[in-house]
Amino acid sequence: MLKLYNTLSRQKEIFKPLKDKKVGMYTCGPTVYWYAHIGNFRSYILPDIFKRVLIFNGYKVNHVMNYTDVGHLTSDADTGEDKMEKGARREGKTVWEIADFYKKAFEKDAVALNILKPNKTPRATDHIKEQIELIKILEKKGYTYKIKDGIYFDTVKLKDYGKLANLNIEKLKAGARVEVVEGKKNPTDFVLWPFSPQDSKRQMEWNSPWGIGFPGWHIECSAMSSKYLGKQFDIHTGGEDLISVHHTNEIAQSEAAFGKKPWVKYWLHGAFLTFKGEKVSKSKGGLTTISELEKIGFSPLDYRYLCLTAHYRKPLDFSLEGLANARNSLQRLKNIISEIKDDKKTNKQYLKKFENAINDDLDMPKAVSVLWELIRDKKAIGKIKTIEKIDSIFGLDLLKKEKLETPATIKKLLEQREIEKNKKNWEEADKIREEIKKMGYQVEDTDKGPKIKKINK
Ligand code: AMP
Ligand code: ZN
């Protein structure tokens, strides 16, 4: 029995899909104006793990994740510049070029992290027609109004607006003395179709029944999810910062347009990856990417292991020491596992324990401890087959025999060390050896030159 914490009800619930064993799941994808950082990827490892847990439980999952390539403004409150146009200016490229580039970069990192590819990955700019159609429905039903800078959604028309975040609308109204957008009726109203500015030309803009403009950030998710998953579906995921504005507004639009309540049955939100207690964020310049971690000697799966060691609803504070510990643990696990002989059996007892952990609101730290218990249990049978099942959730390649490839940074350091050794700068050479050691590799000098080995602490 799978239990999940549902943000909508603020409690753990028994998971029961709308239609027998078929599950529809939507994940708010990245805004492709820059590299996705490791914080973003914490929010994509979560639906991946969840999807694997659903499959483990016998469900068939239809997973849709969008790419936001238009309309996400620098402020969630409908003000500021379009992040995509800003990214294009930063790099002197077109918006379309940067969208393609960062979409590919995201996909590459996702593959390296063993994130299973969603069944569909629609792009917002490929669904302009669907978004306009949806706004037309909202207009017909009386939920919209027009002001100088665009078409807005009137949030007071919905009695339960803000239910996901438990927003106190009265308090919000009282607090908002100066409205940032002129003409907006209520502080919580949001834009569906912003008009292009009068004084400058946007790279991305389209004709619509209301004038030239572009879709607001929220409407794309309602339009694309309904196209690929229907007007009501099971699961919606995202990072916790999406609850109060983006997801609240997705619900408002969709429930107003489709008339199904609840529009989505289960809302799953992941806590942040933090650094020294602060949210890792692109706007604050906290840009650590998977490739950057690789450059300093970590594998993407070291990061995946690190994410598994914290519960998804708790913040995870990132540090290089923490990541190095994760790398050591993963390496140790793999080394121990590589020595186990397969007896072609499954250990039902451990598998049950593991299943109980993953089905208790995806308790991965507990599940990881079950794996350690199993491999340390000298009397346990059926280890390999059980680990295979466990790794279908973890996605850590626990049974894959790896060829040790020397990371580029280590190669450079090794070359440098050889130069120092040739110059008989022993102290300098030792320093480099220490540096390499800190990155998790042991240098051994052999007749055929230096060899490296991953350290198994
Ligand atoms: P964005 O590309 O800004 O639209 O964000 C993509 C996803 O990353 C969203 O689900 C965010 O909630 C999530 N996210 C952003 N920062 C963090 C963080 N520090 N930790 C975890 N998730 C994050
Ligand atoms: Zn979304």
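The values are calculated or read from the model by the stated rules, or taken from the named source; none is laboratory data. Here the structure is a predicted model, which means the values were calculated and not measured. Cβ sites come from the backbone with ideal geometry, for glycine too, and all protein chains shown count toward neighbours. Heavy atoms of the whole protein, side chains included, go into the accessibility calculation; ligands, DNA and RNA do not. Shrake-Rupley method; radii C 1.70, N 1.55, O 1.52, S 1.80 Å.
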Hey, Phe50 within 27 Å of Thr274 (Cα to Cα), hydrophobic (A, V, I, L, M, F, W, C) and out of contact with any helix residue (DSSP H, G or I) (no Cβ under 9 Å at 6 or more places or on another chain) or not = yes
The condition from (1) within 16 Å of ligand 1 (Cβ to nearest atom); (2) farther than 15 Å from Thr248 by Cβ that Leu164 misses is numbered (2)
In the range 232-270, residues that are within 13 Å of ligand 2 (Cβ to nearest atom) and of a type in the set (D, E, K, R) total 2
If we keep only residues of the range 69-79 that are open to solvent by 10 Å² or more (accessible area, probe 1.4 Å) and outside any strand (DSSP E or B), then the residue nearest to Ser226 (Cα to Cα) is His72
Scanning for something on the phi < 0 side of the Ramachandran plot, away from ligand 2 (no atom under 16 Å from the Cβ), outside any loop (DSSP other than H, G, I, E, B) and not assigned by TED's automatic domain parsing to the domain that holds Thr288, does the range 28-35 turn up at least one residue?
no
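Residue-by-condition table, conditions (1) closer than 28 Å to Gln11 by Cβ; (2) within 14 Å of ligand 1 (Cβ to nearest atom); (3) open to solvent by less than 10 Å² (accessible area, probe 1.4 Å):
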site: Lys231; (1), (2), (3): yes, no, no
site: Glu240; (1), (2), (3): yes, yes, no
site: Val245; (1), (2), (3): yes, yes, no
site: Ser254; (1), (2), (3): yes, no, yes
site: Trp267; (1), (2), (3): yes, yes, yes
site: Phe272; (1), (2), (3): yes, yes, no
site: Ser291; (1), (2), (3): no, no, no
Going through (1) within 16 Å of ligand 2 (Cβ to nearest atom); (2) within 20 Å of the chain's Cα centre (by Cα) one by one, Ile49 fails only at (1)
Here the residues within the range 18-37 that are in contact (Cβ under 8 Å) with a residue 60 or more places away in the chain and open to solvent by less than 20 Å² (accessible area, probe 1.4 Å) are Val23, Gly24, Met25, Tyr26, Thr27, Cys28, Gly29, Pro30, Val32, Ala36, His37
Residue hits (the range 201-224; within 20 Å of the chain's Cα centre (by Cα) and farther than 14 Å from Glu133 by Cα) are Trp217, His218
Inset, instruction - Would you check if Leu308 is among the hydrophobic types (A, V, I, L, M, F, W, C) and out of contact with any strand residue (DSSP E or B) (no Cβ under 7 Å at 6 or more places or on another chain)? - result: yes
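Yes/no per residue for (1) surrounded by 15 or more Cβ atoms within 10 Å (Cβ to Cβ); (2) of a type in the set (A, V, I, L, M); (3) in contact (Cβ under 8 Å) with a residue 40 or more places away in the chain:
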{"site": "Ala324", "(1), (2), (3)": "yes, yes, yes"}
{"site": "Arg327", "(1), (2), (3)": "yes, no, yes"}
{"site": "Leu330", "(1), (2), (3)": "yes, yes, yes"}
{"site": "Lys383", "(1), (2), (3)": "yes, no, yes"}
{"site": "Glu388", "(1), (2), (3)": "no, no, no"}
{"site": "Glu402", "(1), (2), (3)": "no, no, yes"}
Within the range 139-157, the residues that are surrounded by fewer than 22 Cβ atoms within 10 Å (Cβ to Cβ) and hydrophobic (A, V, I, L, M, F, W, C) are Ile147, Val156
Taking the range 80-94 and keeping only residues that are open to solvent by 60 Å² or more (accessible area, probe 1.4 Å), in a helix (DSSP H, G or I) and touching a Ser or Thr at 6+ places or on another chain (Cβ under 9 Å), one is left with Lys86
Checked the range 127-149 for anything free of Cβ contacts under 8 Å to residues at least 24 places away in the same chain and touching an Asp or Glu at 6+ places or on another chain (Cβ under 9 Å); matches are Gly142
In the range 333-346, anything open to solvent by 10 Å² or more (accessible area, probe 1.4 Å) and on the phi < 0 side of the Ramachandran plot is listed as Lys334, Asn335, Ile336, Ser338, Glu339, Ile340, Lys341, Asp342, Asp343, Lys345, Thr346
Expected single match for in contact with a Gly (Cβ under 8 Å, 6 or more places away or on another chain), β-branched (Val, Ile, Thr), open to solvent by less than 20 Å² (accessible area, probe 1.4 Å) and touching a residue at least 40 places away in the same chain (Cβ under 8 Å) among Ile410, Ile393 is Ile410
Exception for Val370 within (1) more than 23 Å from Phe298 (Cα to Cα); (2) open to solvent by 60 Å² or more (accessible area, probe 1.4 Å) falls at (2)
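One line per residue, one yes/no per condition, for (1) assigned to a helix (DSSP H, G or I); (2) modelled with pLDDT under 95; (3) over 29 Å from the mean Cα position of the chain (by Cα):
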| residue | (1), (2), (3) |
| --- | --- |
| Lys352 | yes, no, no |
| Asn356 | yes, no, no |
| Lys385 | yes, no, yes |
| Asp397 | no, no, no |
| Glu418 | yes, yes, yes |
| Lys421 | yes, yes, yes |
| Asp430 | yes, yes, yes |
| Glu444 | no, yes, yes |
Screening Asn66, Asn40, Asn57, Asn62 for residues that are within 14 Å of ligand 2 (Cβ to nearest atom), open to solvent by 20 Å² or more (accessible area, probe 1.4 Å) and not charged (D, E, K, R) leaves only Asn40
For this session: Could you please let me know if Tyr152 is of a type outside the set (Val, Ile, Thr), under 17 Å from Ala77 (Cβ atoms) and in contact (Cβ under 8 Å) with a residue 40 or more places away in the chain?
Result: yes
Pairing a residue in the range 38-56 that is under 16 Å from Tyr303 (Cα atoms) with any residue that is away from ligand 1 (no atom under 15 Å from the Cβ), where Cβ atoms lie under 6 Å and the two sit 6 or more apart in sequence or on different chains, gives Asp48/Leu116
Looking at the structure I just gave you, is Thr79 closer than 16 Å to Val191 by Cα and in contact (Cβ under 8 Å) with a residue 40 or more places away in the chain?
yes
